[in-house]
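The values are calculated or read from the model by the stated rules, or taken from the named source; none is laboratory data. Predicted model, so just to flag it, every value in this text is computed and none were measured. Neighbour counts are summed over all protein chains in view; Cβ atoms, including those assigned to glycine, are modelled from backbone coordinates with ideal geometry.
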Amino acid sequence: MYTLYWSHNSASIVSHYCLEEAGAPYDLILVDMAQEAHKKPDFLKVNPAGKLPALKLPDGSIISECAAITLLIADRFPQSGLAPAADDPKRGAFLMWLFHLNNTLQPAMLRYYYPDRITTEAAGTGAVQEKAKEEIAMLWSRIDDHLAKSGPYLLGNTFSAADPLLYMLSTWQECCPDLYKRFLSVRRHAEKVRARPAIARVAELNEVGPVAA
Ligand SMILES: N[C@@H](CCC(=O)N[C@@H](CS)C(=O)NCC(=O)O)C(=O)O
């Protein structure tokens, strides 16, 4: 049994999507971020970084980091087709997108959402957010171009575990207002991913509604 530590609409949702898509046996422990439960001693014993998601594996060990959890689930449930096999021609592009989203786009978003962690100047947080917004829009524009030319999924017609990560990030729109109006191929991707039954079940639990422009 896998145990996902989660909170509504946090980064845990991508691990949740992948567990559901994989048909993995799992249960959930709510760590309510609205109540700061992720900074309380009980959760810090699970993940000393105080961040979600965290996943307890059947052997009792715990891992964190979205990309690591995504890849682990994909590799442990190969029949789900969530990741191209190691020798598949699409494996490189799969890894590239997974790490690009987690290492480049997501951190730019975190700079927007936590600007006080980037500067010691209280008056400088607005400028940090403005710069992050610029970078985020540029990154979405590149992703949109890729999806327009080579979509509808990141790997063309092949759905992979990188797609729920992209979808999750596309729902975080405060840092990129009107994302689905500005980037129509991202919107088409979001609609396609959200329509998958496993994704829809998890989205409903997390209260992520159908894609709205
Ligand atoms: N690099 C981590 C980032 C995770 C992350 O920042 N999660 C957010 C939830 S959306 C969080 O726990 N934030 C609380 C904090 O940073 O204090 C990952 O990919 O899992």
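Can you find even one residue in the stretch 158-166 that is outside the structural domain of His16 (by TED's automatic domain parsing), over 16 Å from the mean Cα position of the chain (by Cα) and either part of a helix (DSSP H, G or I) or in contact (Cβ under 8 Å) with a residue 60 or more places away in the chain (or both)? Within the stretch 158-166 (the criterion being outside the structural domain of His16 (by TED's automatic domain parsing), over 16 Å from the mean Cα position of the chain (by Cα) and either part of a helix (DSSP H, G or I) or in contact (Cβ under 8 Å) with a residue 60 or more places away in the chain (or both)), the answer is yes, since at least one residue qualifies. Do we find that Ala49 is among the hydrophobic types (A, V, I, L, M, F, W, C), over 23 Å from Met1 (Cβ atoms) and in a loop (DSSP other than H, G, I, E, B) in this structure? Yes, satisfied. Within the stretch 167-182, the set of residues being part of a helix (DSSP H, G or I) and either farther than 21 Å from Ser12 by Cα or touching a residue at least 60 places away in the same chain (Cβ under 8 Å) (or both) comprises Tyr167, Met168, Leu169, Leu179, Tyr180, Lys181, Arg182. For the stretch 117-145, a residue qualifies if it is within 21 Å of Asp163 (Cβ to Cβ) and not in a helix (DSSP H, G or I), but none of them does.
Take the residues in the stretch 177-208 that are of a type in the set (Gly, Ala, Ser) and more than 16 Å from the chain's Cα centre (by Cα), then tell me which one is farthest from Pro152 (Cα to Cα). Quick ask: steps written out before the conclusion?
Within the stretch 177-208, the subset of a type in the set (Gly, Ala, Ser) is 185, 190, 195, 198, 200, 203.
Filter once more, keeping what is more than 16 Å from the chain's Cα centre (by Cα): 185, 195.
Values: Ser185: 8, Ala195: 13 Å.
Among them, the one singled out is Ala195.
Taken over the stretch 183-213, the residue count meeting the criterion of being outside any helix (DSSP H, G or I) and either surrounded by 14 or more Cβ atoms within 10 Å (Cβ to Cβ) or among the acidic types (Asp, Glu) (or both) is 6. Of all the numbered requirements in (1) within 16 Å of the ligand (Cβ to nearest atom); (2) of a type in the set (Ser, Thr, Tyr); (3) in contact (Cβ under 8 Å) with a residue 12 or more places away in the chain, Tyr114 misses one, and that requirement is (3). When the stretch 12-50 is limited to residues that are touching a His at 6+ places or on another chain (Cβ under 9 Å) and closer than 22 Å to Ala203 by Cβ, the one that is farthest from the ligand (Cβ to nearest atom) turns out to be Tyr26.
In the set (1) small (Gly, Ala, Ser); (2) crowded, with 18+ Cβ neighbours inside 10 Å; (3) farther than 30 Å from Val46 by Cβ, the condition left unmet by Ala85 is number (2).
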